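The values are calculated or read from the model by the stated rules, or taken from the named source; none is laboratory data. Everything numeric in this text was worked out from a predicted model, so none of it was measured. The protein model used for the area step is the full one, side chains on, heavy atoms only, and it has no ligands, DNA or RNA in it. Shrake-Rupley method; radii C 1.70, N 1.55, O 1.52, S 1.80 Å.
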Amino acid sequence: MPEYKAPLRDMDFVLNEVLNAEQHYQSLSGCEDATPDMVAAIMEEGAKFAERVLSPLNQIGDQQGCQWNDGAVKTPEGFKEAYDQFVEGGWPSLAHEAEYGGQGLPESIGIIVNEMVGTANWSWSMYPGLSHGAMNTLHAHGTEDQKQTYLTKLVSGEWTGTMCLTEPHCGTDLGMLRTKAEPQGDGSYKISGTKIFISAGEHDMADNIVHIVLARLPDAPEGTKGISLFIVPKHLPETIGTDNGVSCGSLEHKMGIHGNATCVMNFDEATGYLIGPENKGLNCMFTFMNTARLGTALQGLAHAEWGFQNSLVYAKDRLQMRALNGPANPEKAADPIIVHPEVRKMLLTQKAFSEGGRAMIYYCAQLVDKVERAEGDEKKQADALLAFLTPIAKAFLTEVGFESANHGLQVFGGHGFIAEWGMEQNVRDSRISMLYEGTTQIQALDLLGRKVLMTQGESLKGFTKILHKFCQAESDNSDLQQFIKPLTELNKEWGDLTMKIGMKAMQNRDEVGAASVDYLMYSGYVVLGYFWARMAKVAQEKLAAGEGDAAFYQAKLTTARFYFQRILPRTRGLVETMQSGADNLMDMDQEHFAF
């Protein structure tokens with residue numbers, strides 16, 4: 001059976017040695033309890049829960065799946081018991097306000113636990129994961145009465161939550177949604193419509209499920225300007241056990257994440273309550289969406305890390321052929337496959353993406369802390385930087401997470417295609433991450449169109465200035481020039497490419513769509529390069545000072561060198577393709593595609 005071991009040493013390295021977590025928490029109000037000792041204890045206990053409780057259920061969830069029977073959903077064996085332990089341990093309340101029953105710790109600590117839980121068992125992690133977004137939406141837009149009624153129960157974990165957006169006829173284009181909300185004169189509404197692809201929409205793990213639902217009021221304007229947001233519980237709080245016109249019509253039959261119930265949800269004059277202003281539901285929804293997008297970025301990291309751990313164990317053990325320079329283990333019938341350059345390339349690619357992705361996500365989580373707890377210019381700058389990095393983290397890390405999952409399977413060869421090893425499950429489970437919460441293509445349009453070009457490049461400058469200052473500060477560090485020189489050149493090129501695309505887009509808006517995905521991937525490789533350079537700097541300093549585990553820091557430098565020499569050059573091809581223009585995509589008559 002495949003296993004998961006929380007990479008506590010690397011998590012500690014990123015958190016404390018690269019991102020200076022202790023200093024970060026001391027700079028924020030309300031983070032006094034986030035001491036190094038407390039964080040270490042949380043990590044150790046979270047690792048035990050992920051490794052001992054959730055990891056053994058990962059394959060069980062895939063094999064058994066969820067079972068639907070007359071509207072009720074039964075989760076796989078052990079899932080409910082694991083959730084009960086999760087709630088008993090206080091994990092749902094970790095990063096929520098004490099006023100509503102939370103522990104008051106910052107989001108960047110919560111995301112560490114989410115990484116371990118999600119990597120051990122992504123399907124299971126989605127049940128509390130969806131609740132997290134619902135909690136943030138209620139906290140940001142709910143009334144005090146709504147918070148006391150619903151948020152407290154979600155924070156404790158007694159109830160779970162979902163977000164109901166997509167309908168059978170509309171996916172990303174939410175302006176087309178048809179679900180209706182009829183006012184009842186007493187402050188409530190009757191919600192009617194059908195939603196699809198609702199993760200954790202129905203299950204047997206909690207007493208109640210709080211659905212956050214997009215719907216239209218009778219006099220609402222057409223399109224996205226006429227969408228409102230509603231709280232629609234499975235059971236009304238005062239009548240737990242009595243249906244509220246909310247039912248699961250069926251479960252989707254999916255490629256992966258079988259342990260999570262992906263539901264068709266029917267709302268038949270279900271009682272709901274408006275959250276936020278009328279016709280501003282899309283604005284309120286983005287509180288949930290931005291939370292979910294960082295959570296999905298974490299999924300990319302999870303599948304890369306899980307694939308890497310298991311393929312590394314296999315590569316050290318599996319004997320096949322001899323090393324090209326002569327037997328590495330002459331006493332055995334063959335050498336372990338880790339001696340072969342191409343196997344090492346796959347392993348190093350997974351390692352580079354998982355460890356680099358961890359740094360990117362933890363950095364974004366610290367920005368979330370600042371948005372929630374800082375004030376003035378610091379809060380404003382963190383918000384702008386987070387808005388820029390979110391589509392990159394979500395789309396880029398899920399793309400390379402899927403690539404890494406495939407590398408993991410490939411290392412196993414034919415055994416990777418067989419279910420017992422778990423590698424084909426990892427590939428199947430990871431594929432959805434590039435579709436969740438806006439596809440890669442939607443994220444790319446958001447990045448290039450809305451975040452960069454519509455701000456006249458200001459959001460891009462917010463990050464390129466950080467990169468420039470880092471490179472400038474290390475310009476005289478001869479040992480780091482293998483990283484600093486290419487980053488400096490890429491940082492300048494990034495701005496030049498943006499200007500060229502923007503100028504072409506003034507004549508033809510299709511130029512934005514044609515360049516967007518290549519632009520996003522280029523941006524992702526550069527951003528990841530920045531974090532690898534930062535990690536290399538720390539590793540170099542530790543080695544020079546003779547501090548800590550020299551082998552650990554040497555491995556960091558070696559992986560950084562691999563990334564810069566083998567992965568970062570992918571930007572060269574992306575430069576060519578994003579500059580090739582829209583004509584090679586749009587010139588083909590649509591009828592000619594069939595020839």
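Hull surface divided by four, with the convex hull built on the Cα atoms of region 282-357: how many nm²?
The number I arrive at for region 282-357 is 6.0 nm².
What is the helix-to-structure angle for 36-48, meaning the angle in degrees between its Cα long axis and the longest Cα principal axis of the chain, kept from 0 to 90 and rounded to the nearest 10?
Approximately 80 degrees, to the nearest ten.
Share of region 1-106's accessible area from carbon and sulfur, percent, 1.4 Å?
46 percent
Any idea what angle helix 79-88 forms with the longest principal axis of the chain, computed on alpha-carbon atoms, 0 to 90 degrees, nearest 10?
Helix 79-88 sits at roughly 90 degrees to that axis.
Placing one identical point scatterer on every Cα of region 412-562 and ignoring solvent, what is log10 I(q)/I(0) from the Debye formula at q = 0.11 Å⁻¹?
The computed values of log10 I(q)/I(0) come out as -0.63.
Let me understand region 1-86 better: what is its radius of gyration from the alpha carbons, and its Dmax, in angstrom?
So, for region 1-86, Rg and Dmax equal 18.0, 54 Å respectively.
Counting only heavy atoms of the protein chains, get the accessible area per residue of the chain (1.4 Å probe) and round it to a whole Å² value.
Accessible area per residue: 43 Å².
If one computes the Cα centroid of region 401-448 and of region 349-382, what distance in Å separates the two points?
Answer, in whole Å: 23.
State the label only: which of (1) 319; (2) 149; (3) 179 corresponds to volume of the Cα convex hull per residue in Å³ computed from the shown model?
Checked against the structure: label (3).
When a/c is below 1.5 the answer is rounded, else prolate if a/b is larger than b/c, else oblate, so apply that to region 299-430 with a ≥ b ≥ c taken from the square roots of the Cα gyration tensor eigenvalues.
Prolate, because a/c is 1.5 or more and a/b exceeds b/c.
Specify the inter-centroid distance of region 96-141 and region 450-469, based on alpha-carbon positions, in whole Å.
29 Å
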